[in-house]
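Here the structure comes first, spelled out in structure tokens, and everything after it is commentary.
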Amino acid sequence: NNEKSVPQLLISDLKFEKSLAKPMFSPDQENHPSKAPVKYGELIVLGYNGSLPNGDRGRRKSRFALFKRPKANGVKPSTVHIACTPQAAKAISNKDQHSISYTLSRAQTVVVEYTHDSNTDMFQIGRSTESPIDFVVTDTVPGSQSNSDTQSVQSTISRFACRIICERNPPFTARIYAAGFDSSKNIFLGEKAAKWKTSDGQMDGLTTNGVLVMHPRNGFTEDSKPGVWREISVCGNVFSLRETRSAQQRGKMVENETNQLQDGSLIDLCGATLLWRTAEGLSRTPTLKHLEALRQEINAARPQCPVGFNTLAFPSMKRKDVVDEKQPWVYLSCGHVHGYHNWGNKEERDGKDRECPMCRSVGPYVPLWLGCEAGFYVDAGPPTHAFSPCGHVCSEKTTAYWSQIPLPHGTHTFHAACPFCAHQLAGEQGYIRLIFQGPLD
């Protein structure tokens with residue numbers, strides 16, 4: 001019972017430099033605010049800690065920035081044609097014109113033509129690698145370290161999942177719509193897709209697995225609270241959720257809500273969830289430089305293993321998958337941080353549960369990793385807490401926020417998950433406060 005003599009170090013007790021209290025801006029924001037192209041915002045895929053396992057390549061990466069295009073490429077609905085056969089519908093929809101075809105029956109198809117809109121930019125997201133897709137998104141496998149883990153899974157993400165339309169003039173409003181246009185500039189809703197005629201005579205519909213959106217309450221800040229998940233239609237209307245993802249029956253229309261994205265909105269494509277951050281929101285978010293400074297600050301305090309008395313250190317952001325010999329480990333039942341040791345292994349428990357030498361509580365024992373994807377942080381606070389059971393470390397407010405968010409899983413369940421690795425959270429809260437031991441000298 002020598003616990004009292006050991007100096008316990010909560011990272012929140014460290015006197016973090018004043019300069020760390022405010023987020024640092026990236027160099028291009030400081031030097032040439034006017035010359036930089038207008039940035040509408042960024043989409044960040046949940047479950048990746050700063051980059052895809054095999055590295056970001058081309059249109060396939062863990063985050064995607066939407067910039068104002070040199071020339072507008074947005075479209076808006078114009079003429080509606082009612083064709084008596086799908087063949088006639090194909091004739092109406094030519095390759096050079098965007099259109100959405102709604103097949104009502106073998107005998108009838110409604111084709112809505114879309115014309116160029118010089119006031120908006122369109123960005124398309126989906127699983128397809130064809131050229132109309134700006135951001136290629138594949139299914140997220142929780143905790144997978146390489147893309148080979150993900151390829152065997154049958155994808156539930158649509159090839160042309162959704163599109164985001166941004167206003168080219170301030171305030172640069174971004175809106176989301178289900179489904180994207182394919183290589184022949186068509187969106188095709190077959191007989192089985194849920195579709196209907198609206199009160200003003202227009203057509204609307206839902207995609208097979210749907211596009212769900214959740215807008216947080218109080219924006220994306222330390223005061224954020226989860227909002228309600230809704231489904232977005234092909235025309236951008238808002239509905240309550242269907243009974244299951246691909247049910248034929250649509251939910252109720254929610255009149256007083258819109259498809260306008262706000263900072264912190266979550267977009268679920270049934271297989272991957274994206275976080276939308278506005279350019280303004282990102283300017284208030286900690287940068288990688290800030291997170292790196294926090295990492296160095298913790299390491300400078302020289303936390304020690306209470307068993308081996310060796311100094312612990314968080315590895316650099318670049319080495320975020322390889323367990324380092326100085327890596328801190330934590331007992332998830334109590335939060336006591338140690339270095340790796342073989343002490344207290346409970347043989348009868350499959351070796352998964354360990355007994356903490358400090359307080360004798362029994363539970364999982366895992367390495368700690370810093371959360372490197374700054375876009376997931378709701379504040380710039382020090383890394384004092386870790387998600388359970390994965391051991392990703394970030395600020396207290398950030399762990400508290402994500403542990404409350406029910407993320408869609410499969411076709412009809414929801415659960416909270418770590419934003420850095422997509423592992424389902426466990427334990428009473430889904431996260432713990434870390435207790436470090438200070439140096440004895």
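The values are calculated or read from the model by the stated rules, or taken from the named source; none is laboratory data. What you see is a predicted model; the values in this text were computed from it and never measured. Neighbour counts run over all protein chains shown; Cβ positions are idealised from the backbone, glycine included. SASA here: full protein model, heavy atoms, side chains in, ligands and nucleic acids out. Shrake-Rupley method; radii C 1.70, N 1.55, O 1.52, S 1.80 Å.
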Working only within the range 221-238, note down all residues that are more than 16 Å from residue 162 (Cβ to Cβ) and assigned to a strand (DSSP E or B).
225
Selection status of residue 94, open to solvent by 60 Å² or more (accessible area, probe 1.4 Å), without any contact (Cβ under 8 Å) to a residue 60 or more places away in the chain and out of contact with any Ser or Thr (no Cβ under 7 Å at 6 or more places or on another chain):
yes
Does any residue in the range 238-258 that is in the same structural domain as residue 412 (by the TED database) come within less than 8 Å, Cβ to Cβ, of a residue that is among the acidic types (Asp, Glu) and modelled with pLDDT of 95 or more six or more places away or on a different chain, and which pairs are these?
none
Every residue from the range 49-67 that is in a loop (DSSP other than H, G, I, E, B), in contact with a Lys or Arg (Cβ under 8 Å, 6 or more places away or on another chain) and in contact (Cβ under 8 Å) with a residue 24 or more places away in the chain:
49, 50, 52
Which ones in the range 404-441 are under 22 Å from residue 50 (Cα atoms) and either assigned by the TED database to the domain that holds residue 241 or of a type in the set (A, V, I, L, M) (or both)?
405, 407, 416, 417, 422, 425
When you look at residue 399, is it among the β-branched types (Val, Ile, Thr) and in contact with a strand residue (DSSP E or B) (Cβ under 6 Å, 6 or more places away or on another chain), yes or no?
yes
Where the second residue is open to solvent by 20 Å² or more (accessible area, probe 1.4 Å) and charged (D, E, K, R) and the first is part of a helix (DSSP H, G or I) and lies in the range 288-307, which pairs have Cβ atoms under 8 Å and are six or more apart or on separate chains?
293/17; 297/17
Could you pull out every one of the strands (runs of 3 or more DSSP E) wholly within the range 151-220 that has 1 or more residues that are open to solvent by 70 Å² or more (accessible area, probe 1.4 Å)?
162-167, 174-178, 186-189, 195-197
Subset of the range 285-304, residues closer than 18 Å to residue 51 by Cα and open to solvent by 20 Å² or more (accessible area, probe 1.4 Å), comes to 287, 288, 289, 292
When the residues of the range 323-354 are filtered to those that are of a type in the set (A, V, I, L, M, F, W, C) and modelled with pLDDT of 75 or more, which remaining residue is most open to solvent (accessible area, probe 1.4 Å)?
323
Restricting to the range 218-263, count the residues that are more than 18 Å from residue 415 (Cα to Cα) and not polar (S, T, N, Q).
20
Could you tell me which of the residues 413, 398 is closer than 18 Å to residue 431 by Cα and of a type in the set (Ser, Thr, Tyr)?
398
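Just a yes or no: is a residue in the range 351-363 assigned to a helix (DSSP H, G or I) and over 23 Å from residue 437 (Cα atoms)? Before the answer, list the steps.
In the first step, residues of the range 351-363 are kept if they are assigned to a helix (DSSP H, G or I); the result is none.
Scanning the range 351-363 turns up no residue that is assigned to a helix (DSSP H, G or I) and over 23 Å from residue 437 (Cα atoms).
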Say we look at the range 79-109 and pick out the residues that are assigned to a helix (DSSP H, G or I), of a type in the set (Gly, Ala, Ser) and over 18 Å from residue 202 (Cβ atoms); which of these is modelled with the lowest pLDDT?
91
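Scan the range 309-319 for residues that are touching a strand residue (DSSP E or B) at 6+ places or on another chain (Cβ under 8 Å) and open to solvent by 40 Å² or more (accessible area, probe 1.4 Å) and report the count. Steps first, please.
Step one: of the range 309-319, the residues touching a strand residue (DSSP E or B) at 6+ places or on another chain (Cβ under 8 Å) are 310-312, 314, 317.
Now drop any that are not open to solvent by 40 Å² or more (accessible area, probe 1.4 Å), which leaves 310-311.
Adding up the residues that qualify gives 2.
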Top-ranked residue in the range 387-410 [being among the hydrophobic types (A, V, I, L, M, F, W, C) and in a helix (DSSP H, G or I); ranked as most open to solvent (accessible area, probe 1.4 Å)]:
400
